[in-house]
C-alpha cells in the first residue's frame with residue numbers, strides 16, 4: 001500500500017471532519033497532527049499504513065460525539081446552527097418558516113387591533129404607548145418557548161413576567177401627563193426583552209454561555225431589524241410615489257402597514273437570526289470592527305472637549321438622554337465585540353481600541369453623573385432625574401469593571417474569560433434596574 | 001481493570017493539568033503520557049482530549065501557542081498558567097482526600113480488601 005493512498009485518505013478524513021459543526025480550521029489541523037502521530041507510531045510497530053490509518057481514525061472517536069463536544073465548548077461558533085436545550089443536549093432548531101410566519105402575522109394583527117381600539121393616529125392615548133411592547137414580545141417569547149419545547153413549568157415561568165408587567169402598567173393610576181408613565185413606556189420594552197431571554201435560553205438562566213448567546217442574538221437581531229426597517233422604508237416611499245398621482249390616500253395605507261410591519265418585523269428578524277444566519281454571520285463582526293474604532297475616536301474627542309469646556313452650561317435633560325443613548329450604544333458594541341471574539345487569541349489592536357472607547361465612555365459618564373448629582377442636590381429628585389441617575393450608576397459600575405478587566409487582559413494579567421464573565425454576570429443588573437423603573441418608581445413618586 | 005467512564009471523565013482535568021505541570025506539551029504527547037502513566041488502563045477517546053484542552057484554555061488554566069518544532073509539523077503547545085497551577089493544587093487536595101478515605105475503608109482492619117483476600 002503506497003504512502004500516497006494514505007495521504008489521500010488523510011485528506012478525505014480531514015475534509016470530512018471540517019464539515020462537522022463546531023470544528024474550525026485550527027481544530028482540524030490539531031486533530032490531523034494527532035492522527036499523523038498515531039499513524040506513525042502504529043506503522044513503527046509494524047502495521048501497514050492503511051491499517052494504521054483505520055486504527056488511528058477509530059481511536060479518534062465517533063465524529064458525531066466529537067463534534068458535539070466541540071460544539072459544547074465552542075458554543076459561540078455555532079450558536080446559530082444548534083440550539084442547546086435545557087438538558088444540554090444539542091438539538092437542531094426545528095425550522096419551518098410557517099410557524100414564525102404565523103407568530104409574525106399574529107403580532108401584526110394584535111397591533112392593528114390595538115391601534116383601531118385606540119383610534120391611532122387621530123388619538124394618541126397613553127395606554128397605547130405604555131403597552132406597545134406587550135403586543136409583540138409575548139409572541140416572540142411564545143415562539144421561542146415552542147421551538148425549545150419547554151415543559152409546562154417553564155411555560156408558566158415564561159408567561160409570568162408578561163402577565164405581571166401587563167397588570168402593573170395597566171393598574172397603576174398614573175396622573176395625566178405624568179413623567180413616570182413616559183419612563184414606563186421607555187423601560188418596559190427592556191424588561192420584556194430580558195423576559196424573552198428566558199425562553200430563548202431554554203429556561204436555563206444560570207449558564208453564562210447561554211447568556212452570551214443571547215447577547216449575540218440581540219446584536220444580530222438589531223442588525224436584521226434595522227435592515228428590514230430600511231427595506232420597508234424604501235418600499236413605503238416607492239408605494240407613496242407611485243400611488244400619489246392616482247389620488248389614493250397614501251397616509252391611510254401607511255397607518256395600516258407601518259405598525260403591523262414594525263410588529264411583524266420583530267418576529268421575522270428573530271427568525272432570520274435563528275435560521276438564515278449566513279449573511280449576518282460575516283457581516284456583524286465586520287460592522288462591530290468598523291464602528292468600534294469610529295465610536296472610540298468620537299468618544300475620546302467628546303471626553304476631551306467636555307473635560308476642557310465643562311458640562312455645566314450645555315447640560316439639560318435632552319443632552320442627558322443623548323449621553324445615555326451614546327453610552328448604551330458603546331456598551332452594546334463592547335458586549336457584541338466580546339461575544340463575537342475568538343476567546344483563544346491573544347490581545348490585539350481591537351482590544352486596545354475597545355479599551356479607549358470604554359475609558360472615554362467612563363470619563364463621560366463620570367462627568368454626567370457629577371453634573372446630575374449637583375442638579376439633584378440643587379433641585380431635588382424627580383422621576384426623570386432618578387431614572388437617569390440610576391441608569392448612569394449602573395453603567396458606571398459596568399464600564400468601570402469592563403475597563404479594569406480589559407486593561408488587565410491587555411497587560412496579560414487576566415483572561416478574556418473574566419471579562420466575558422463580568423458582562424454576563426452583570427446582565428441581570430440591567431434587567432433589574434429597568435424593572436425597578438417600571439414597578440417601583442411610579443408609586444415612589446405618587447404616579448406623577 | 002475496566003475503569004468506569006464517569007471516573008475517567010472526572011479524572012481527566014486533574015490528569016491533564018498534572019501532566020502540563022511537568023512542562024508544556026501538545027495533544028498527542030499528553031495522550032501518550034496518560035497511557036504510560038496508567039499502564040494503558042485509562043482509555044480515552046483521542047479526539048475528546050481537544051475540547052477538554054480548549055475548555056482549560058477558555059478558563060485561563062492553560063495558554064496556547066502554535067509552533068513548528070525543528071522536525072515536525074506545526075502544532076499547538078499548551079502551557080500551564082498560575083491559575084491552572086492553583087486549580088491543580090486544589091484538585092490534588094480533593095483527590096487525596098477521596099483516595100485516603102477509600103484506602104482507609106478498604107485496607108483497614110476488617111476492610112474490604114481483607115475480606116476479599118480471605119474469600
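The values are calculated or read from the model by the stated rules, or taken from the named source; none is laboratory data. Source: prediction; values computed, not measured. FYI the Cβ positions are ideal-geometry reconstructions off the backbone, even for glycines, and counts take in every protein chain you see.
A compact table of results
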{"item": "Long-range neighbours under 6 Å by Cβ, at least six apart or interchain, first residue assigned to a helix (DSSP H, G or I) within segment B:84-100, second at pLDDT 95 or above and loosely packed, with under 11 Cβ neighbours inside 10 Å", "result": "none"}
{"item": "Test: residue B:106 is modelled with pLDDT under 85 and assigned to a helix (DSSP H, G or I)", "result": "yes"}
{"item": "Filter result for residue B:42 (within 21 Å of residue A:65 (Cα to Cα), in a loop (DSSP other than H, G, I, E, B) and out of contact with any helix residue (DSSP H, G or I) (no Cβ under 7 Å at 6 or more places or on another chain))", "result": "no"}
{"item": "Residue check for residue A:254: over 26 Å from residue A:138 (Cα atoms) and touching a helix residue (DSSP H, G or I) at 6+ places or on another chain (Cβ under 8 Å)", "result": "no"}
{"item": "Close pairs (8 angstrom Cβ cut-off, 6 or more residues apart or separate chains): without any contact (Cβ under 8 Å) to a residue 40 or more places away in the chain in segment A:106-119, surrounded by fewer than 17 Cβ atoms within 10 Å (Cβ to Cβ) anywhere", "result": "A:118/A:124; A:118/A:125; A:118/A:127; A:119/A:125"}
{"item": "Verdict on residue A:93 being modelled with pLDDT under 95, within 22 Å of residue A:272 (Cα to Cα), buried (at least 19 other Cβ atoms within 10 Å of the Cβ) and more than 14 Å from every other protein chain (Cβ to nearest Cβ)", "result": "no"}
{"item": "Sole residue being away from chain A (no Cβ under 14 Å) and either buried (at least 17 other Cβ atoms within 10 Å of the Cβ) or more than 24 Å from residue A:341 (Cβ to Cβ) (or both), chosen from B:25, B:38", "result": "B:38"}
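One line per residue, one yes/no per condition, for (1) crowded, with 19+ Cβ neighbours inside 10 Å; (2) modelled with pLDDT under 85; (3) within 8 Å of another protein chain (Cβ to nearest Cβ):
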| position | (1), (2), (3) |
| --- | --- |
| A:9 | no, no, no |
| A:21 | no, yes, no |
| A:26 | no, yes, yes |
| A:29 | no, no, yes |
| A:33 | no, no, yes |
| A:37 | yes, no, yes |
| A:42 | yes, no, no |
